[in-house]
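Visitor: The structure that follows is given in the form of structure tokens.
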Amino acid sequence: MIPAARLSAAIGVLDRILAGQPAEQALTNWGRANRYAGSGDRTAVRDLVFDALRCKRSFAHFGGGMTGRGLILGGVRAAGQDEAALFTGIGHAPAALAPEDAALTAPMTRAEALDIPDWLEGPLAASLDRDLDAVMLAMRSRAPVFLRVNLAKLDRPGAIAVLAGEGVAAQPHPLATSALQVTDGARKIQTTSAYLTGLVELQDAASQAVVEMVPLSGGIRVLDYCAGGGGKTLALAARASVDLFAHDADPGRMRDLPARADRAGVRVKITEKPDAKAPYGVILTDVPCSGSGSWRRDPAGKWALTPVRLADLVAVQSGILDRVAPMVARGGHLAYVTCSLLRSENGDQIDAFLSRHSGWTETARRSFTPLDGGDGFFCAILRRE
């Protein structure tokens, strides 16, 4: 496919997304209906679509409106490309430019320029303060690809060497002792022997950093209460020899965890009744949240979030904290984690928990944003007296 044809394809996919179809489904349907498109074409169309979703408001402004065509045209203009050479109407290129394609004339608001919903500007400003503009502008770019080295099997220099032999270039990242940032060959990772034999796992660097904040010692009983796919579960297992349990409200999310644990050479016990094994020396709660720290990876989530949904999430988070607190052993620790930038889900939750529960002390608190290199994360460590 020529570049202009890729733009046309992205326009069609975006129109379906704007009509309500999930992004992944729209891309999959397009690929199935256009089997002539090679892997390079599919990747290019996907990148165009996700770039447009990250920058939906500003691209719509530059491109003349909130349509697939407007978003792609806005992206072309934002990148300084020759729009007339791409929008020709010849062959599979998008239709030639018309007067209605002119950029919108009204000045962009701050929320439009930062590509965030209007209602979130206030909460984000209150949470990020002077970093708001820089963080939100960083969110408009693609996220780096990070790997977690399984330090139970080899060190970072060893992992870098193994990956290099398979065409993947990586370098250490300062956020975590196990973190590597991939600089070339990212699309090869999941077919490398390093990945298939559990030497490395795909995991954001800030996600690794919050796991390193969790206090662990050999032999203690540990529960990952909101395990999901098990990325943090496996990272905990690689740090120390512990009696490790994984739980999730939706057990189906953990379906791949046994195979991943086997590949990593660790043992994880999946439980639907975590109370039965209490107390635990450590409980990790990576709670459901807005995902605002990972909008680079899931830009559709930014536009789907509503005030009502955020309020519901805050209620779920406080409920999880109240539920797991009695399961922590005396002298044990509770780690509260979100991939959110919002104070209501982060520091406010911890302050509210401490006001509801006596006998707890906060021992550590840290926030990460994309300015640190990885996704946005929050972690607080609480100790039960």
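Visitor: Lysine pairs in the chain 8 or more apart or on different chains: how many have alpha carbons under 29 angstrom apart?
Guide: Lysine pairs meeting the criterion: 12.
Visitor: Using a simple spin-label model with points 7 Å from Cα along the Cα→Cβ vector, what separation in nm is obtained for Thr363 and Ser217?
Guide: 0.9 nm
Visitor: Whole Å is fine, so just give me how far the alpha carbon centre of the stretch 10-32 lies from that of the stretch 36-95.
Guide: Cα centroid of the stretch 10-32 versus Cα centroid of the stretch 36-95: 14 Å apart.
Visitor: Sticking with this structure for a sec: Mind running the shape call on the stretch 6-159? Use the C-alpha gyration tensor, a ≥ b ≥ c as the square roots of the eigenvalues: rounded below 1.5 for a/c, prolate if a/b tops b/c, oblate otherwise.
Guide: Details: a/c = 2.15, a/b = 1.17, b/c = 1.83.
It is oblate, given that a/c is not under 1.5 and a/b is not larger than b/c.
Visitor: For the full complex of protein chains and a 1.4 angstrom probe, list Met254, Met213, Met66 by accessible area with the highest value first.
Guide: Working: Met254 5, Met213 50, Met66 95 Å².
The residues order as Met66, Met213, Met254, largest area first.
Visitor: Ranking request for peptides 119-131, 289-301: highest mean number of other beta-carbon atoms within 10 Å first, then the rest in descending order.
Guide: On the way: 119-131: 16.0, 289-301: 21.8.
Per-residue Cβ counts within 10 Å, averaged per peptide and sorted highest first, yield 289-301, 119-131.
Visitor: Antiparallel DSSP bridges in the chain: what percent, to the nearest 5? Walk me through the intermediate numbers first.
Guide: Values: 24 of 39 bridges.
Roughly 60 percent of the beta bridges in the chain run antiparallel, per DSSP.
Visitor: Can you work out the PRE-style zone for Ser355? Point 7 Å along Cα to Cβ, and I want the residues of the stretch 295-329 with backbone N under 19 Å.
Guide: Of the residues in the stretch 295-329, 311-323 have backbone N under 19 Å from the label point off Ser355.
Visitor: Relative contact order, percent, of the chain when contacts are C-alpha pairs under 8 Å separated by at least 6 residues?
Guide: Working: 691 pairs, mean separation 50.0, N = 385.
Computed over the chain, the figure is 13 percent.
Visitor: For the stretch 1-159, what relative contact order do you get, as a whole percent, if you take Cα pairs closer than 8 Å and at least 6 residues apart?
Guide: Details: 165 pairs, mean separation 33.8, N = 159.
Relative contact order of the stretch 1-159: 21 percent.
Visitor: Can you give the calculated 222 nm mean residue ellipticity of the chain, where each DSSP H run of n ≥ 4 adds -39,500 (n - 2.57) and the sum is split over every residue, rounded to the nearest 500 deg cm²/dmol? List each step's numbers first, then the result.
Guide: Details: 17 runs with 162 residues, N = 385.
My calculation for the chain gives -12000 deg cm²/dmol from helical runs alone.
Visitor: Let me make sure I get this right: for the stretch 228-374, a, b and c are the square roots of the gyration tensor eigenvalues over alpha carbons, sorted descending. Under 1.5 in a/c it's rounded, otherwise prolate if a/b > b/c, else oblate. Which is it?
Guide: Numbers: a/c = 1.64, a/b = 1.16, b/c = 1.41.
Oblate, because a/c is 1.5 or more while a/b does not exceed b/c.
Visitor: Relative to the longest principal axis of the C-alpha atoms of the chain, give the angle of the C-alpha long axis of helix 347-356, reported between 0 and 90° and rounded to the nearest 10°.
Guide: 30 degrees
Visitor: Not counting ligands, DNA or RNA, and with a 1.4 Å probe, what is Tyr195's accessible surface area in Å² rounded to the nearest 10?
Guide: So the heavy atoms of Tyr195 present about 30 Å² to solvent.
Visitor: Could you give the angle, 0 to 90 degrees to the nearest 10, between helix 39-54's Cα long axis and the longest principal axis of the Cα atoms of the chain?
Guide: Helix 39-54 sits roughly 80 degrees off the main axis of the chain.
Visitor: Of the residues Glu201, Glu362, Glu24, which exhibits the maximal mean-square fluctuation in a Gaussian network model of the chain defined by a 10 Å Cα contact cut-off?
Guide: Residue with maximal mean-square fluctuation among Glu201, Glu362, Glu24: Glu24.
Visitor: Solvent-accessible area of Tyr36, probe 1.4 Å, all protein chains present, reported in Å² to the nearest ten, please.
Guide: 150 Å²
Visitor: Rank these by accessible area, largest first, 1.4 Å probe: His92, His61.
Guide: From most accessible down to least: His92, His61.
Visitor: Could you order peptides 74-83, 95-104, 365-374 by the average number of other Cβ atoms within 10 Å of their residues, highest first? Could you put the intermediate results ahead of the total?
Guide: Working: 74-83: 16.0, 95-104: 12.6, 365-374: 19.6.
The packing order, highest mean first, is 365-374, 74-83, 95-104.
Visitor: Taking only protein heavy atoms into account and a 1.4 Å probe, give the accessible area per residue of the chain in Å². Don't skip to the answer; put the middle values down first.
Guide: Values: 16640 Å² over 385 residues.
Normalised by residue count, the accessible surface of the chain is 43 Å².
Visitor: What does the charge count near His92 come to, summing +1 for each Lys or Arg and -1 for each Asp or Glu among other residues with Cβ under 13 Å from its Cβ?
Guide: Values: positive: Arg6; negative: Asp41.
Residues close to His92 contribute a combined charge of 0.
The values are calculated or read from the model by the stated rules, or taken from the named source; none is laboratory data. Quick caveat, the model's predicted, so the values are computed rather than measured. Note that we place each Cβ from the backbone using ideal geometry, even for glycine, and neighbour counts take in every protein chain shown. Quick note on the areas: whole protein, heavy atoms, side chains included, nothing else; ligands and nucleic acids left out. Shrake-Rupley method; radii C 1.70, N 1.55, O 1.52, S 1.80 Å.
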